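> First the structure, which I've put down as structure tokens, then a few questions once you've had a look.
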Amino acid sequence: MIFLPNQPKQQQIEYEKFLKIAGCLSNLFSDSSVPYLYYRIAEKIFCKSFRAEDLSRSDVSADAKKDKLGIGLKTFLAGNLKTYQKVAEFNSDRSLYKNLTDENLVLKIAELRNARINFTEKAHGLENSIYHCVLRDKGRFLIFEEPMNKIEIGKIKNVKKNKGSISFQDGKDDYSFLVSKSTLTKRFITGSALHEFDVEILKDPLAELEKLLNIKGLEFESGAKIKQTVFLPLYGRKQTVFEKSGLNQWNAGGRPRDLNEVYIPIPSEIHHNFPKFFPDRDTPFTLKLPDGRQMQSKICQDNGKALMSYSNRELGQWILRDVLGLKEGELLTYDKLQTIGIDSVRIDKISDDQFEINFSATGSYDNFKENFNL
């Protein structure tokens with residue numbers, strides 16, 4: 001599937017214009033004849049030009065979403081047009097593979113990589129995913145796209161240990177896993193560019209910057225304005241998803257329960273340090289899901305320790321079935337969360353009755369606590 005040629009011509013023109021504007025400022029950062037493009041700026045330009053949803057804050061395999069397509073956005077030097085680039089990082093999963101043989105390590109990394117792509121597509125309602133790359137070459141940018149393939153585990157071959165890395169192939173792509181950095185890289189063969197254009201680098205960008213900032217249409221729309229953000233764990237104490245509470249609440253005793261009845265735990269330190277973040281107990285609010293759907297939700301239980309959907313099965317249907325793919329009656333474990341690289345959710349407050357939820361990488365809640373000294 002190819003993205004760029006299928007977009008409205010005016011949006012393609014706008015995309016090229018904004019990339020040229022970013023590239024022309026390269027002398028603010030280096031003296032190279034190769035235009036510079038910071039990856040965060042590339043993401044913003046892409047999403048603005050093509051009216052795409054920005055997923056870059058969501059710790060998932062795709063950086064943007066347009067309709068049912070996930071897009072991994074990358075920018076790198078053209079080089080010899082067959083360079084290795086980072087596609088995933090597995091620092092938080094080191095315990096799952098650190099004592100494995102080279103062959104078994106490759107199989108585990110492939111499993112983790114595929115699980116993350118599957119999770120991203122389920123969570124955000126995607127049908128396909130691609131890479132969209134902006135290659136930087138002397139005096140120009142080149143645009144290249146290719147499918148975001150899952151690793152063909154049954155076809156893995158040529159596993160070879162090198163100094164500091166393990167390389168392998170699956171019949172479609174070449175990979176290299178950098179052991180010390182816990183990083184998976186993939187070879188991008190980029191000889192067939194979809195589009196390319198020259199970039200004029202300003203000799204004195206500071207002198208021209210004021211003019212540039214006055215160009216109509218340059219300003220970026222921020223979308224929904226986030227008032228405040230908190231992170232919540234998808235587990236209980238000691239990184240355990242308890243068998244009869246939280247996301248396994250459906251398994252608790254005491255009364256008949258729907259197999260999708262769950263809640264997201266809200267630790268007491270969240271209410272203590274952010275007392276006005278959530279509405280009062282049992283007050284309805286709207287929770288926007290990553291796939292764009294909206295779920296009526298509320299804070300429940302003693303001391304407001306639970307985030308639930310207003311229908312006590314809607315949240316579980318989404319997390320357990322639609323996203324994680326668990327069968328009814330199957331317990332969620334921390335190992336399952338670790339496999340797909342998440343153990344937390346990010347809650348963004350838009351207004352007193354409007355919130356957004358996104359999954360976050362393993363360790364996000366712990367990092368949040370540390371940053372705020374909770």
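The values are calculated or read from the model by the stated rules, or taken from the named source; none is laboratory data. In this text the structure is predicted, and so the values were computed from the model without any measurement. Neighbour counts are summed over all protein chains in view; Cβ atoms, including those assigned to glycine, are modelled from backbone coordinates with ideal geometry. To get the accessible areas, we keep the full protein, side chains included, count just its heavy atoms, and leave off ligands, DNA and RNA. Shrake-Rupley method; radii C 1.70, N 1.55, O 1.52, S 1.80 Å.
> Output wanted: per-residue J couplings in Hz (rounded whole) for segment 252-258, from phi through Karplus 6.51 cos²θ - 1.76 cosθ + 1.60, θ = phi - 60°, x for Gly and Pro.
6, x, x, 6, x, 10, 5
> With +1 on each Lys and Arg Cβ and -1 on each Asp and Glu Cβ, how big is the dipole of the chain about its Cα centre, in debye rounded to the nearest 20?
On the way: 56 positive and 51 negative charges, 121 e Å.
Around 580 debye, computed over the chain.
> Show Phe90, Phe372, Phe242 ordered by accessible area, largest first, where the area counts protein heavy atoms only and the probe is 1.4 Å.
Phe372, Phe242, Phe90
> Using only alpha carbon pairs under 8 Å that are at least six residues apart, calculate the relative contact order of the chain and give it in whole percent. Mind showing how you got there, number by number?
On the way: 710 pairs, mean separation 60.4, N = 374.
The value is 16 percent.
> Positive end of the dipole of the chain, charges at C-beta (+1 Lys, Arg; -1 Asp, Glu), about the Cα centre: which of Thr362, Asn6, Gly72 has its Cα farthest in that direction?
In the chain, that residue is Thr362.
> Here is a further query. Toward the positive end of the charge dipole of segment 33-191, about the Cα centre and with charges on Cβ (Lys, Arg +1; Asp, Glu -1), which of Ile143, Tyr36, Phe90 goes farthest?
It is Tyr36.
> Grab the other residues whose beta carbon is less than 13 angstrom from that of Arg94, score K and R as +1, D and E as -1, and report the net.
+1
> Shifting gears a bit: For Leu374, project a label point 7 Å along Cα to C-beta. Then give me every residue of segment 245-270 with its amide nitrogen under 18 Å of that point.
246-247, 263-270
> Rounded to the nearest 0.05, what FRET efficiency is calculated for Thr83 and Leu28 with R0 set to 30 Å and r the Cβ-Cβ distance?
That pair, Thr83 with Leu28, gives E of 0.75.
> Continuing with the same structure: Give me the net charge of Gly164's neighbourhood, meaning all other residues with Cβ under 14 Å from the Cβ of Gly164; Lys, Arg count +1, Asp, Glu -1.
Around Gly164, the charge tally is +3.
> Kirkwood Rh over Cα pairs of segment 9-91 into Stokes-Einstein at 10 °C, 1.306 mPa s: D in µm²/s?
Values: Rh = 14.2 Å.
Approximately 112 µm²/s, per Stokes-Einstein.
> So how strong a dipole does segment 219-374 carry about its Cα centre when Lys and Arg Cβ are +1 and Asp and Glu Cβ are -1, to the nearest 20 debye?
320 debye
> Can you send over the carbon and sulfur percentage of the accessible area for the chain, probe radius 1.4 Å, protein chains only? If you can, show how the numbers build up before the last one.
Details: 8850 of 18720 Å².
Ligands and nucleic acids excluded, carbon and sulfur reach 47 percent.
> So for segment 31-144, what percent of the C-alpha to C-alpha distances run longer than 22 Å?
Working: 2886 of 6441 pairs.
I get 45 percent for the Cα pairs in segment 31-144 exceeding 22 Å.
> Kindly express, to the nearest 10 degrees and within the range 0 to 90, the angle between helix 39-50's C-alpha long axis and the longest C-alpha principal axis of the chain.
90 degrees
> Let me check I've understood the local charge: for Thr229, count other residues with C-beta under 10 angstrom from its C-beta, Lys and Arg +1, Asp and Glu -1. What total comes out?
+2
> Based on Cα positions only, what radius of gyration and what Dmax would you give for segment 89-246, in angstroms?
Rg and Dmax of segment 89-246, Cα atoms, are 21.8, 65 Å.
> Follow-up. Please quote Rg/Rh for segment 264-374 to two decimal places, taking the Kirkwood radius as Rh and restricting both calculations to Cα atoms. Don't skip to the end; give the middle numbers.
Working: Rg = 14.1 Å, Rh = 14.9 Å.
Rounded to two decimals, Rg over Rh is 0.95.
> Binning at 10 Å from 0, report for segment 222-320 what percent of all alpha-carbon pair distances ends up in each bin.
14, 47, 33, 5, 0
> Just for the chain, what percent of DSSP beta bridges are antiparallel, to the closest 5?
If I count the DSSP bridges inside the chain, around 85 percent turn out antiparallel.
> Calculate how steeply helix 9-24 sits against the longest principal axis of the alpha-carbon atoms of the chain, using the helix alpha-carbon long axis, and give the answer as 0 to 90 degrees to the nearest 10.
70 degrees
> So, one more: For the chain, what does the helix formula give at 222 nm: sum of -39500 (n - 2.57) over DSSP H segments with n ≥ 4, over the residue count, nearest 500 deg cm²/dmol?
Details: 7 runs with 81 residues, N = 374.
For the chain, the value works out to -6500 deg cm²/dmol.
> Separate question: Over segment 1-125, with the other protein chains present, what is the accessible area per residue in square angstrom, probe 1.4 angstrom?
Accessible area per residue: 47 Å².
> Under 19 Å from the 7 Å Cα→Cβ point of Arg257, by amide nitrogen: which residues of segment 330-353?
Residues 330-337 fall inside that zone.
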